[in-house]
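Report on the following structure.
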């Protein structure tokens, strides 16, 4: 690991999945129709203290978001029936502030434009870099926390 990656890990990433010592880990919804990709994302976030909740489709992800407290969501863009873009749009009808990150093997300018139209926090290209993912999640959670604090005074 490079010095810079180690510094980012030590300063910004380690323990980021915990809200405080007395609270439960932050839950991260991982929605991807590919079992291998879902598992790879779980293997990145779980050791950092996050509680991964897995969904194999956009529809399953929406059901989970309606039933469980989710702090952040990761969606694959290319899923059958309900794409990641469509899922993010529907998620924001349920929870307008929930940070959603899209993951894609096809991070074209058009996909990025569509992602920001549906208010995705970010688009991360596959193969996913552990440090890019964790740093993006940390920034998204910080922005989410600030939005919640502003909303509740």
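The values are calculated or read from the model by the stated rules, or taken from the named source; none is laboratory data. All values reported here derive from a predicted model rather than from experimental measurement. Note: ideal-geometry Cβ built from the backbone for every residue, glycine included; neighbour counts use all protein chains shown.
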Exactly one of these conditions fails for residue 80: (1) more than 21 Å from residue 142 (Cβ to Cβ); (2) assigned to a helix (DSSP H, G or I). Give me its number.
(2)
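So that you can scan it fast, the table gives a plain yes or no per residue for (1) in a helix (DSSP H, G or I); (2) more than 20 Å from residue 38 (Cβ to Cβ); (3) over 12 Å from the mean Cα position of the chain (by Cα):
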position	(1), (2), (3)
74	no, no, no
88	yes, no, no
92	yes, yes, yes
96	no, yes, yes
114	yes, yes, yes
Taking residue 46 and the conditions (1) closer than 24 Å to residue 115 by Cβ; (2) at pLDDT 95 or above, which numbered condition does it fall short on, given that it satisfies the others?
(1)
For segment 98-112, enumerate the residues that are over 15 Å from the mean Cα position of the chain (by Cα) and within 19 Å of residue 39 (Cα to Cα).
105
Take residue 149 and tell me if it is in a helix (DSSP H, G or I), over 20 Å from residue 46 (Cα atoms) and modelled with pLDDT under 95.
yes
Matching residues in segment 49-61 (within 22 Å of residue 116 (Cα to Cα) and not in a loop (DSSP other than H, G, I, E, B)) number 3
Note: among 64, 101, just one is assigned to a helix (DSSP H, G or I), in contact with a strand residue (DSSP E or B) (Cβ under 8 Å, 6 or more places away or on another chain), touching a residue at least 12 places away in the same chain (Cβ under 8 Å) and under 25 Å from residue 151 (Cα atoms), namely 64
